[in-house]
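Structure first, commentary second.
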Amino acid sequence: MNIRSIITCFLLLLVVSQLEAQQADVVLLNGNIITLQHKGDRSEAVAVKDGRIMAVGTNAVIKKYIGKQTKTVQLNGQTVIPGFNDVHQHPAPVYAFEEPYATLELDTVSSMKNLISLLKRKAAITPKGMLIRGVGYNETQLGGQPIRDSLDKASTEHPIIISHISGHLSAANSFLMDINGINESTKDPAGGAFERYKGSDKPDGICKEAAAVYLHHSKNIQYPPQPTPEQEMAGYRLYFNRVLASGLTSIGDAWTTPEKVDVYRKLVAEGFPIRFNLIIGFLITWIRY
């Protein structure tokens, strides 16, 4: 082979490699593409490579990025928008209701009656004396705060604590308050408060900030068994699949731990299609994937 042939082969290989570099992994055609770059912007098609948008334009322009390995999706007029970002989340694994370590999700509970009924169902399958937890209650949906009198209707044989949707207060039943010695003579902790019945010093079960933290981490509680690492990972996958279904493609974990970073590393290694921004400890260290 002479020099001219070698150079010709080299140039051909270079052209082929350049063409392959311009081929998209996925092309979306015949859509309503809203870029949000400028008011009123609309396009027909998108080309994606290595998980990133490489081009947006008309069908004719984007079809140039279609190669032998490109997956083509016909949108038939469906709308495509940039993925949403939620900068402040507190992700937690989601488990089946019957699992002893499952925390009840309360954000959709629409009345006090329904809340008590849900807690009763959980109490029925939970050993006596073992903690029952819930998260995300909203007093505007319930018709008022779930004070200890209300939670006592669910169980007087289990400690119960449920967190407000804001994360800044919790409600506890009498069992939990009593085993921790929270009574009329209990002083409010620094940075927190035990709410009292009107005209009385008796705590009504609503605990704010540091008072709630104290009860959540009480050494007097019989905690449910911990899930295995495999069960925990499955719970996180379920949580983040729900996140994806909501249109979120990037989230910020506003309070994580070094141990929890391993969970995110595993998700990234699996190719999970969410971008994670993590804040560790007291909001001082950022790690971005």
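Bear in mind these aren't lab numbers, they're just calculated from the coordinates by the rules spelled out. Bear in mind the structure is a predicted one, so any value in this text is a computation, not a measurement. Positions of Cβ are generated from backbone atoms using ideal geometry, with glycine treated the same way; all protein chains shown enter the neighbour counts.
Mean residue ellipticity at 222 nm, helices only, the chain: -8500 deg cm²/dmol; runs of at least 4 DSSP H residues each add -39,500 (n - 2.57), and the sum is divided by the number of residues. Rounded to whole Å, the principal axis extents of the Cα atoms in the chain read 96, 43, 36, largest first. Of interest is the spacing of the C-alpha centroids, which for the range 38-100 and the range 220-250 amounts to 25 Å.
In summary, the lysines within cross-link reach of Lys49, defined as a Cα separation below 27 angstrom excluding same-chain residues under 8 places away, comprise Lys39, Lys63, Lys64, Lys68, Lys71, Lys266.
For the Cα trace of the range 227-288, dividing Rg by the Kirkwood Rh returns an Rg/Rh value of 0.95. Listed values for the range 174-189 are Karplus-derived 3J(HN,Hα) couplings in whole Hz (6.51 cos²θ - 1.76 cosθ + 1.60, θ = phi - 60°), namely 5, 4, 5, 5, 5, 5, 9, x, 8, 9, 4, 8, 6, 8, 5, x, and x replaces Gly and Pro.
Between Arg242 and Asn32, the C-beta separation translates, for a Förster distance of 22 Å, into a calculated FRET efficiency of about 0.30.
Sorting Glu139, Glu259 by the number of Cβ atoms found within 10 Å of their own Cβ, with the fewest placed first, yields Glu259, Glu139. Residues in the range 68-83 carry Karplus couplings, in order, of 4, 9, 6, 8, 9, 10, 8, 7, 6, x, 5, 8, 10, 10, x, x Hz; the curve used is 6.51 cos²θ - 1.76 cosθ + 1.60 with θ = phi - 60°, and Gly or Pro positions show x. Counting only lysines at least 8 places from Lys260 when in the same chain, those with an alpha carbon closer than 25 Å to its own are Lys219.
Basic side chains Lys and Arg get +1 at the Cβ, acidic Asp and Glu get -1 at the Cβ, and with that the dipole of the chain about its Cα centre reaches some 880 debye.
Apply 1/(1 + (r/R0)^6) to the Cβ-Cβ distance of Glu259 and Ala96, taking R0 = 22 Å, and write down the FRET efficiency to the nearest 0.05. So the FRET efficiency works out to roughly 0.40.
Model label sites at Gln222 and Tyr197, defined 7 Å from Cα along the beta-carbon direction, differ in position by 2.8 nm. Based on the Cβ-Cβ distance of Ile165 and Gln69, what FRET efficiency does E = 1/(1 + (r/R0)^6) give at R0 = 51 Å, to the nearest 0.05? After rounding, the FRET efficiency stands at 0.65.
Comparing the range 77-154 with the 2.2 N^0.38 Å rule of thumb, its C-alpha radius of gyration ratio is 1.41 (two decimals). Taking a straight line from the alpha carbon of Lys208, these lysines sit under 16 Å away, with near neighbours fewer than eight places off in the same chain left out: Lys187. Put simply, the convex hull of the Cα atoms in the range 104-216 casts, on average, a shadow of 6.4 nm².
What does the extension gain come out to for Asp188 and Val268, with contour length at 0.36 nm per residue minus their alpha carbon separation? Before the final figure, lay out each step's value.
Numbers: separation 80, 0.36 × 80 = 28.80 nm, distance 4.29 nm.
Residue separation times 0.36 nm, minus the Cα-Cα distance, leaves 24.5 nm.
Once the chain from Thr156 to Ser111 is taken as fully extended at 0.36 nm per residue, the excess over their C-alpha distance is 14.2 nm.
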